[in-house]
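The values are calculated or read from the model by the stated rules, or taken from the named source; none is laboratory data. In this text, all values refer to a predicted model and were calculated from it rather than measured experimentally. Heads up, the Cβs are rebuilt from the backbone with ideal geometry, glycines too, and the neighbour counts pull from every protein chain shown.
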Amino acid sequence: MNELGLDPDLLAPDYDGGGIVNLMSSLIQARGGRSDHPSLRGLPPHELAETRNLVLLVIDGLGAEWLLANCPDGILGRALRMSITSVFPSTTAAAIPSFLTGEAPARHGLTGWHTYFGELGCVMTVLPGIPRYGGVTYRQAGIDPQKLFTSRSVCDRISTRAILVSPAKIALSDFNLAHRGRGEIRVYEGLRDLFRQSARVIHGWGRRRRERKYLYLYWPKLDAIGHQQGMDSPAAREHLGAIERAIARFMDEIAGTDTCLVVSADHGQVDTGPEDVIDLVDHPELADTLLLPLCGEPRAAFCSLRVGAERQFLDYCEAHLARRVAVIPSERLVSAGYFGRGQSHPRLRERVGDYCLLPRGRALIRQWLPFETPYAQVGVHGGLSRSELLVPVCLLRA
């Protein structure tokens, strides 16, 4: 085990030149902007700066090792430049804000699907923008998302035109609108339409055809298939094939447009089974120590403890969960740079609680609230395994 008590086969997120924050630094600088983070090792900004159309495609759930294991000779495998790390927790709710702002979770302050917002007095499902207990979205509740999400958009950091190509279901969500800055939003329906809308922007007309542009594309379906059926399922592999065929068609359609397509991901996944689930309904003494419901992710759960309950919490974890869960003081994760380095969000520490429960192996930990309907997921993410943390960087040019 390392100094934090983590298993030796786990990785730490890289913010010093080998992670998605560094990829964004290279892209931001390539479009005439400034970043406080080092650029990506092996992909300096000048390599991308002269291309007319710089396109980033984020494929939700596409782990680097899974890609190489399932299609090493496909269009993405052949274009693989390197593997880099996601952020911590390795999850959409923490990584997508990093793609949209160029900042690490320590700075943008979003630390999982369930994040405690002390300023709102509740646990939020960050991306849909609805309290965990249900209700309405940020704006419907009279909350200005711009005052919650204070990190500057990538679209405002760069000096060129920026276009965000997003699924119709989420394109105009409070979260997306709060992170678009000066960017334009294009809405799509389905995989074919994603690339059709992107090709239209690239081809453009007149002056707009010739101007330098940055496009951000997001595709979520692979992650959804992994959650429902597992990344080891035929459905996941078949969908990778569909993605690769769509990319190949897209590259043919935009041939000669001086376009660089960078393909990456927010995280990978690890497949689990019913035997891997730690359910707090079976551990009422542990649940009794919590001031808030578990936050973060099932693979990285943040615990905010009741005053005076710390000893009970630690003793219970040692006696009943030590073989299945690593118990790490959240402050140690912060100081060790797991959420990023440099200036932190003013509410970071309350959002990561007192302790982080990091399940070992393929285990995950869940807490269902009385009004919630339990559901099972096969593929999960959020942790520090290679399957979850490593994502690809692929480069294709047209």
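Suppose the filter is in a loop (DSSP other than H, G, I, E, B), under 23 Å from the mean Cα position of the chain (by Cα) and not basic (Lys, Arg); does residue 239 pass it? So residue 239 does not fit the description; no. Would you mind stating whether residue 349 is assigned to a loop (DSSP other than H, G, I, E, B) and among the charged types (D, E, K, R)? No: the conditions fail for residue 349. Test residue 339 against the stated conditions and say whether it is closer than 30 Å to residue 56 by Cβ and not assigned by TED's automatic domain parsing to the domain that holds residue 119. Yes; evaluated as a whole, the condition is true for this residue. Residue-level analysis places residue 137 outside the set of residues that are in a loop (DSSP other than H, G, I, E, B) and over 22 Å from residue 370 (Cα atoms). Per the listing 192, 161, 132, the residue uniquely basic (Lys, Arg), surrounded by fewer than 16 Cβ atoms within 10 Å (Cβ to Cβ) and either more than 30 Å from residue 50 (Cα to Cα) or touching a residue at least 40 places away in the same chain (Cβ under 8 Å) (or both) is 192. Taken over segment 11-41, the criterion of being in a loop (DSSP other than H, G, I, E, B), in contact with a helix residue (DSSP H, G or I) (Cβ under 8 Å, 6 or more places away or on another chain) and free of Cβ contacts under 8 Å to residues at least 60 places away in the same chain is satisfied by 38, 39, 41.
Take residue 52 and decide whether it is at pLDDT 95 or above, in contact with a Gly (Cβ under 8 Å, 6 or more places away or on another chain), surrounded by fewer than 19 Cβ atoms within 10 Å (Cβ to Cβ) and assigned by TED's automatic domain parsing to the domain that holds residue 87. No: the conditions fail for residue 52.
Looking for something in contact with a Pro (Cβ under 9 Å, 6 or more places away or on another chain), β-branched (Val, Ile, Thr) and either over 29 Å from residue 201 (Cβ atoms) or not in a loop (DSSP other than H, G, I, E, B) (or both) - is there at least one such residue anywhere in segment 72-82? Within segment 72-82 (the criterion being in contact with a Pro (Cβ under 9 Å, 6 or more places away or on another chain), β-branched (Val, Ile, Thr) and either over 29 Å from residue 201 (Cβ atoms) or not in a loop (DSSP other than H, G, I, E, B) (or both)), the answer is no, since none of the residues qualifies.
Checked against (1) in contact with a Phe, Trp or Tyr (Cβ under 9 Å, 6 or more places away or on another chain); (2) over 23 Å from residue 216 (Cα atoms); (3) assigned to a loop (DSSP other than H, G, I, E, B), residue 119 passes all but condition (1). Of all residues in segment 246-266, those being charged (D, E, K, R) and over 24 Å from residue 391 (Cβ atoms) number 3. In segment 309-336, the qualifying residues are those that are assigned to a loop (DSSP other than H, G, I, E, B) and either of a type in the set (D, E, K, R) or outside the structural domain of residue 296 (by TED's automatic domain parsing) (or both), and the one that is surrounded by the most Cβ atoms within 10 Å (Cβ to Cβ) is 324.
Test residue 138 against the criterion of being aromatic (Phe, Trp, Tyr), in contact with a Pro (Cβ under 7 Å, 6 or more places away or on another chain) and closer than 22 Å to residue 347 by Cβ, and give yes or no. Yes. Contact map, segment 107-126: residues that are in the same structural domain as residue 266 (by TED's automatic domain parsing) and within 15 Å of residue 303 (Cα to Cα) paired with residues that are among the aromatic types (Phe, Trp, Tyr) and not in a strand (DSSP E or B), Cβ distance under 6 Å, separation 6+ or inter-chain. No pairs are found. For segment 365-383, a residue qualifies if it is under 13 Å from the mean Cα position of the chain (by Cα) and either surrounded by fewer than 24 Cβ atoms within 10 Å (Cβ to Cβ) or not in a loop (DSSP other than H, G, I, E, B) (or both), and the qualifying residues are 380, 382. A single entry from 44, 8 fulfils the requirement of being assigned by TED's automatic domain parsing to the domain that holds residue 230, surrounded by fewer than 21 Cβ atoms within 10 Å (Cβ to Cβ), not in a helix (DSSP H, G or I) and not charged (D, E, K, R): 44.
Cβ separations smaller than 6 Å between residues 6+ apart or across chains give the following pairs from segment 362-379 residues that are at pLDDT 90 or above to residues that are outside any strand (DSSP E or B) and surrounded by fewer than 13 Cβ atoms within 10 Å (Cβ to Cβ): 368/374.
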